[in-house]
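One structure below.
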Amino acid sequence: MTLQNSRALYKNKQNIILGPSNPESIFQYRYFTVVIDKNNKKVLVNKPRDFQSNKQHINEKVDQILNQRKMEKGIIRLDRNNYAYQIFTDQFGQKNIVFLNTTLIYAHSWTLLRLAILLGFTALIIFAIILIIASGLAIRPIAEAYHKQQQFINNAGHELKTPLAIISANTEMEEMLGNESEWTKNTKEQTQRLTELINHLIALARMSETGEIALSKINLSKIVESASRSFSSVMKQKDLTFKTKIQKDIFVSAEEKTLTELVNIFLDNAQKYCDPHGEVSIDIYIKTSGITTQV
């Protein structure tokens with residue numbers, strides 16, 4: 001194949017990996033030498049076959065190189081190709097400028113880089129697909145377990161409501177028969193508390209699906225007073241001194257059920273870990289820097 005044929009074959013062709021076509025790609029390491037004798041006559045030797053650049057064009061490039069007196073080597077553009085050149089003086093005192101076509105050398109490097117990018121991008125897509133499939137399989141048992149947990153909370157909550165309703169009804173019957181006392185009143189309060197706790201658990205299970213918590217203005221003083229009454233009998237049973245100092249009508253922004261459970265947890269921990277025959281006190285009041293609560 002000649003250079004003319006290769007020009008016709010590769011004209012305006014481009015490959016995503018190989019890059020733009022180059023007619024010189026049918027040759028390897030094309031080079032030539034220009035010898036400048038003592039009379040400043042330029043002689044082209046080692047001329048590649050089918051070399052298309054005319055002598056005048058080459059002479060212009062040689063003159064351009066010689067004008068750059070301090071540059072003994074560099075790169076020029078010739079016939080749409082990059083040629084590296086180097087100047088040296090032979091034993092006859094003649095200057096020799098050797099030109100080497102480096103376009104194909106760099107083209108191979110760019111081809112390797114494009115191929116690496118293409119393979120890397122393909123591998124990334126394959127890895128992402130595998131990761132999506134694998135993560136879906138890995139998360140499926142967790143999602144199923146979470147769904148079963150939500151179902152259990154809902155089912156258990158509805159099942160627990162029945163015995164609580166019976167206990168509350170029996171307590172009210174005892175009071176109707178004239179056996180009303182502090183203990184029956186406390187039983188009703190705790191039954192009501194358990195019912196509210198179950199409803200709260202069910203609400204939390206449903207809320208976790210939406211991820212929303214409704215805040216409202218809550219009377220903290222009333223919540224603490226109600227919790228204190230509920231725990232007063234427990235404190236007496238454990239022979240603990242129980243004192244409360246609650247400022248009236250302290251309002252906070254919170255979720256009522258959650259705040260109620262938090263106060264009950266505080267009091268429950270206080271009666272559990274208090275020293276024998278010790279004292280439990282709860283103080284709530286407003287300071288200039290904010291609300292202060294002590295248990």
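The values are calculated or read from the model by the stated rules, or taken from the named source; none is laboratory data. Just so it is clear, the structure is predicted and the values come from calculations on it, not from any experiment. Neighbour counts run over all protein chains shown; Cβ positions are idealised from the backbone, glycine included. SASA here: full protein model, heavy atoms, side chains in, ligands and nucleic acids out. Shrake-Rupley method; radii C 1.70, N 1.55, O 1.52, S 1.80 Å.
Within the range 79-94, at least one residue is in a strand (DSSP E or B) and over 20 Å from Val43 (Cα atoms).
Let me confirm something: among Lys161, Lys185, which residue is open to solvent by less than 80 Å² (accessible area, probe 1.4 Å) and closer than 25 Å to Glu256 by Cα?
Details: Lys185 fails: open to solvent by less than 80 Å² (accessible area, probe 1.4 Å).
One residue alone meets the criteria, Lys161.
The single condition among (1) touching a strand residue (DSSP E or B) at 6+ places or on another chain (Cβ under 9 Å); (2) surrounded by fewer than 16 Cβ atoms within 10 Å (Cβ to Cβ) that Thr122 does not meet is (1).
Sub-6 Å Cβ pairs linking a first residue in the range 100-125 that is under 25 Å from Leu78 (Cα atoms) and without any contact (Cβ under 8 Å) to a residue 60 or more places away in the chain to a second residue that is open to solvent by 100 Å² or more (accessible area, probe 1.4 Å) and among the basic types (Lys, Arg), at least 6 apart or interchain, number zero.
If you go through the range 246-266 and keep only what is open to solvent by 90 Å² or more (accessible area, probe 1.4 Å) and in a loop (DSSP other than H, G, I, E, B), you end up with Lys248, Asp249. For the range 216-240, the set of residues classified as open to solvent by 80 Å² or more (accessible area, probe 1.4 Å) and under 21 Å from Ile286 (Cα atoms) consists of Lys217, Lys222, listed by residue number.
Filter the range 106-141 down to residues that are of a type in the set (D, E, K, R) and under 30 Å from Asn81 (Cβ atoms), then give me how many there are. Please lay out each step first, then the result.
First, the residues of the range 106-141 that are of a type in the set (D, E, K, R): 114, 140.
Checking which are under 30 Å from Asn81 (Cβ atoms) leaves us with 114.
Counting residues in the range 106-141 that are of a type in the set (D, E, K, R) and under 30 Å from Asn81 (Cβ atoms) gives 1.
The set of residues in the range 269-295 being modelled with pLDDT under 80 and surrounded by 13 or more Cβ atoms within 10 Å (Cβ to Cβ) consists of Ile291, Thr293, Val295. Filtering the range 65-77 to residues that are open to solvent by less than 90 Å² (accessible area, probe 1.4 Å) and either at pLDDT 80 or above or at positive phi (or both) leaves Ile65, Leu66, Gly74, Ile76. Every condition in (1) open to solvent by less than 100 Å² (accessible area, probe 1.4 Å); (2) under 30 Å from Glu189 (Cβ atoms); (3) not polar (S, T, N, Q) is met by Phe152 except one, and the failing one is (1). Does Lys243 fit the bill of being outside any strand (DSSP E or B), farther than 18 Å from Glu189 by Cα, in contact (Cβ under 8 Å) with a residue 24 or more places away in the chain and open to solvent by 100 Å² or more (accessible area, probe 1.4 Å)? No.
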